[in-house]
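Taking it in order: structure first as structure tokens, then the write-up.
The values are calculated or read from the model by the stated rules, or taken from the named source; none is laboratory data. Nothing here was measured: the structure is a model prediction, and the numbers come from that model. FYI the Cβ positions are ideal-geometry reconstructions off the backbone, even for glycines, and counts take in every protein chain you see. Keep in mind that these areas ignore ligands, DNA and RNA; they rest on the heavy atoms of the full protein, side chains included. Shrake-Rupley method; radii C 1.70, N 1.55, O 1.52, S 1.80 Å.
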Amino acid sequence: MNLGAFELIKPIGEGGMGAVWLGKHGDAGIDVAVKVMHPEVMDDPEYREAFETEVRSVASLDHPNIVTILDFGQVPKAVAKESKELAADSPYLVMEFARGGSVEDYFHELTWPDVREMLLVVLDALAHAHARDVIHRDLKPENILVGCEPNWSVKLTDFGLAHAADRFKDAGKVETAWGTPQYMAPEQLRGFWREYGPWTDLYGLGCMAYELICGDWPYNGDTVWAIGDAHINDPIPELTPRFEVPAGAQAWVHKLMAKQRRHRFLHAADAAYALAQLPSMDETQRFGVLFDPPRPTGVATADVDEVAVATQVMPQLDPTVSVAGIDRGAPFEIDHGEEVVEDPAELGSDMPPLVQDWRRDCEGTISNELLGISLGLFGLRAIPLVDRDEERDWLWGMLQEVHRREQARGVIVEGEAGTGKSEIVRWFCRRAREVGGAQVLTAHHSPLSGPADGLVPMMERFVGCSRLCGDERRRFLSNHLLQEGLATEFELRALISLFEGRGAQGLDPGPTHQTSRSERHAIIYRYLSLLARRRPVVVWLDDIQWGLDALGFAQYVMQRQQEEPAPIL
């Protein structure tokens, strides 16, 4: 029985959403895994959306420790007719085959060096996904595959519940809670989708780490509601390790599992850096994948006067160079109350040092022999940026300047239309986020300005209050900004006036106070300055030739460096 170029051999797994088959590519003779959606759920819009989300999410990622999707489609009627197991029009996807099963299959054989190394690999994969605004939301041992080619790799899989930053367009703040209850963060259990972020996955990773170290889940109960209540309200349990672990392991796990996101690691790179500091207790284990010892970089940092702040212009881009089957579980409702348990004091500064070189040990990561055989993923597959090393070195050098001097720097990326200006900046922003080197805000502009263009929509997207208005927005901003320490009462009122002066992307505005241009720039700069105290900030003003206000803001930032310097690029 064939699905396109792939022969189905036998079923090898079963989940709530679909069955997984062992398959083989007819010409290449390479084993693959084929996930086919169950007939009884294929007409359910939520399950179908989850299946499609997995295809879109994984196809957009390009990392050696994230499973590669090779093809997708629907079961043809002719194939369903000759098969008793498959239904016509059932969606299917083809992916790499993991010969070793999942981490769950090795549960009783693991020791601390194994767990530490596996977690570092998963954190590196998560850093890649998070930098592209993909939140996995279903981390557990069953979703960490073992034995993928080449070199028996460990790979993260099952992105069916992945959350993308632009997925939710409606007003409001609550969605149905989906996931595996034993690994779900408090905001995920409540369905507070505006609070999802890298910290949501890191909570799940902490639960998984607890389970691998102690041999049981951190929280359990007779019902999903009992488990959810424990995640939200019960103290984080002490570690009872089943093997020797180093001092600091419990503090690391507890920080991942903090009830409130501000007490957790905020980036995968932060958690990986802290974990890499813990002893491996086995000298044969290699060092963390994100934080290899620095090597010569060839980065040419700009020669900028120590006092004067000048806008740096990057060399023009050459216009002739092109740039290149696990059970999903059932939804459940839980009390959406606001009360949460406070957590103990934080462990100090989490931000890792900025890596000296942007290069990875493994560029061009998708190398499976099957790539290129199917055109089913054409348009979805991530296209890596190639060449442009001089420009990339230059940009990375400017980020190093911002880190070192803690002052703003400006970079103009210019070139003919179609030469990849946006692509190189997009790559830079993602890489900076990936290694924990910066927080990134992006303002879009177009010839005919739309509701998503400009500085204020940039701020709304970053803070998470898009399409909220009135009292709901004020409550959200108050909870977020005051708890995060990103605004005083006065600054909070200023930000509220900034947002309410324009409404909420098409919704009716609340009480309006039209801020002047100078007020607007001062309010935004103050917020970015507070944000940059934790980690340098990159502000990408895309197509600024259409954004006079954004150009004025860039000039304002540079002028403020004498009085109130801030590490902003």
Restricting segment 422-465 to residues that are among the β-branched types (V, I, T), assigned to a helix (DSSP H, G or I) and in contact with a strand residue (DSSP E or B) (Cβ under 8 Å, 6 or more places away or on another chain), which is farthest from A550 (Cα to Cα)? I424
Scan segment 40-82 residue by residue and report those that are basic (K, R) and either surrounded by 15 or more Cβ atoms within 10 Å (Cβ to Cβ) or within 19 Å of the chain's Cα centre (by Cα) (or both). R48, R56
For Q312, only one of the following conditions fails: (1) part of a loop (DSSP other than H, G, I, E, B); (2) at pLDDT below 95. What is its number? (1)
Every residue in segment 349-405 that is loosely packed, with under 14 Cβ neighbours inside 10 Å and modelled with pLDDT of 85 or more, please. P353, V386, D387, D389, E390, R404
Considering only segment 139-156, state which residues are open to solvent by 10 Å² or more (accessible area, probe 1.4 Å) and touching a Leu at 6+ places or on another chain (Cβ under 6 Å). K155
Scope segment 91-134; condition of a type outside the set (D, E, K, R), part of a helix (DSSP H, G or I) and under 30 Å from G26 (Cβ atoms); matching residues: none
So, in segment 243-265, how many residues would count as being assigned to a helix (DSSP H, G or I) and under 23 Å from the mean Cα position of the chain (by Cα)? 8
Taking the criterion of being within 28 Å of the chain's Cα centre (by Cα), within 20 Å of F462 (Cα to Cα), modelled with pLDDT under 95 and basic (K, R), would at least one residue in segment 521-533 satisfy it? yes
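Per-residue answers, yes or no, for (1) among the small types (G, A, S); (2) touching a strand residue (DSSP E or B) at 6+ places or on another chain (Cβ under 8 Å); (3) open to solvent by 20 Å² or more (accessible area, probe 1.4 Å); (4) under 21 Å from V32 (Cβ atoms):
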residue: K84; (1), (2), (3), (4): no, no, yes, no
residue: P91; (1), (2), (3), (4): no, yes, no, yes
residue: V94; (1), (2), (3), (4): no, yes, no, yes
residue: F97; (1), (2), (3), (4): no, yes, yes, yes
If you scan segment 274-298, which residues turn out to be modelled with pLDDT of 95 or more and open to solvent by 70 Å² or more (accessible area, probe 1.4 Å)? none
Mind checking which residues of segment 460-483 are charged (D, E, K, R), in contact with a helix residue (DSSP H, G or I) (Cβ under 9 Å, 6 or more places away or on another chain) and open to solvent by 20 Å² or more (accessible area, probe 1.4 Å)? R467, R474
Quick check: is even one residue across segment 187-206 part of a helix (DSSP H, G or I), over 24 Å from Q439 (Cβ atoms), open to solvent by 10 Å² or more (accessible area, probe 1.4 Å) and modelled with pLDDT of 95 or more? no
Is at least one residue of segment 97-104 touching a Cys at 6+ places or on another chain (Cβ under 6 Å) and at pLDDT 85 or above? yes
Search result, residues across segment 523-557 that are closer than 23 Å to F490 by Cα, open to solvent by 40 Å² or more (accessible area, probe 1.4 Å) and either in a helix (DSSP H, G or I) or touching a helix residue (DSSP H, G or I) at 6+ places or on another chain (Cβ under 9 Å) (or both): R526, Y556
The number of residues in segment 402-459 that are touching a helix residue (DSSP H, G or I) at 6+ places or on another chain (Cβ under 9 Å) and hydroxyl-bearing (S, T, Y) is 3
Would you pick out the residues in segment 558-569 that are assigned to a helix (DSSP H, G or I) and open to solvent by less than 50 Å² (accessible area, probe 1.4 Å)? M558
Which condition does S497 not pass, out of (1) part of a helix (DSSP H, G or I); (2) surrounded by fewer than 21 Cβ atoms within 10 Å (Cβ to Cβ); (3) at pLDDT 90 or above, if it passes all the others? (3)
